[in-house]
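See structure below.
The values are calculated or read from the model by the stated rules, or taken from the named source; none is laboratory data. Quick caveat, the model's predicted, so the values are computed rather than measured. All Cβ positions, glycine included, derive from the backbone under ideal geometry; neighbour counts span all protein chains shown.
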Amino acid sequence: MQQAADKAQQTGKPQPVTVTFTETELTSKAAQALRDLPGLNDAAQKVGGMGTGFFAMENQSETARVAIETLRKDSGAVGAFLGGSALGGRLGMADDAKALKEWFDFSLLPPYASLAKYFYLGVYSGTVTADGMNFKLFTPTPPLLKK
């Protein structure tokens, strides 16, 4: 993944990343521990449960931590990433990845530790019926925000 990020920064274009899991990894103790994550079962019930045919969980806390810390360290990475995208083209950044850096200084973001209480997890499910596809999303209130 780091190679793709480095290449994206060098070329200014997004790079594909493939992530695969083996059956052993999915049935390991780590996967078992995931099922025991506080709040996951309750959140899953809000989107129809884990047996709907499609179910996903995102650790939004970890996703936000990585994003915030990356932006703080290298705010130019966002410009390089967006510059090669369709959105970047519409924002006038297709030829100049530095344009976003002129608009935003992500290095001024506070450390993740001061924002951690706002992030937790998100769950998603999907089903297919004769009427079409249904997708549901639920993000419970982070436990640290309830205190």
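Laid out as a table, the results:
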quantity: Count - residues of the stretch 29-72 that are over 20 Å from residue 141 (Cβ atoms), within 19 Å of the chain's Cα centre (by Cα) and touching a residue at least 60 places away in the same chain (Cβ under 8 Å); calculated: 2
quantity: Residue check for residue 13: modelled with pLDDT of 75 or more, in the same structural domain as residue 87 (by TED's automatic domain parsing), part of a helix (DSSP H, G or I) and farther than 16 Å from residue 121 by Cα; calculated: no
quantity: Subset of the stretch 60-78 (residues that are surrounded by 16 or more Cβ atoms within 10 Å (Cβ to Cβ) and in a loop (DSSP other than H, G, I, E, B)); calculated: 75
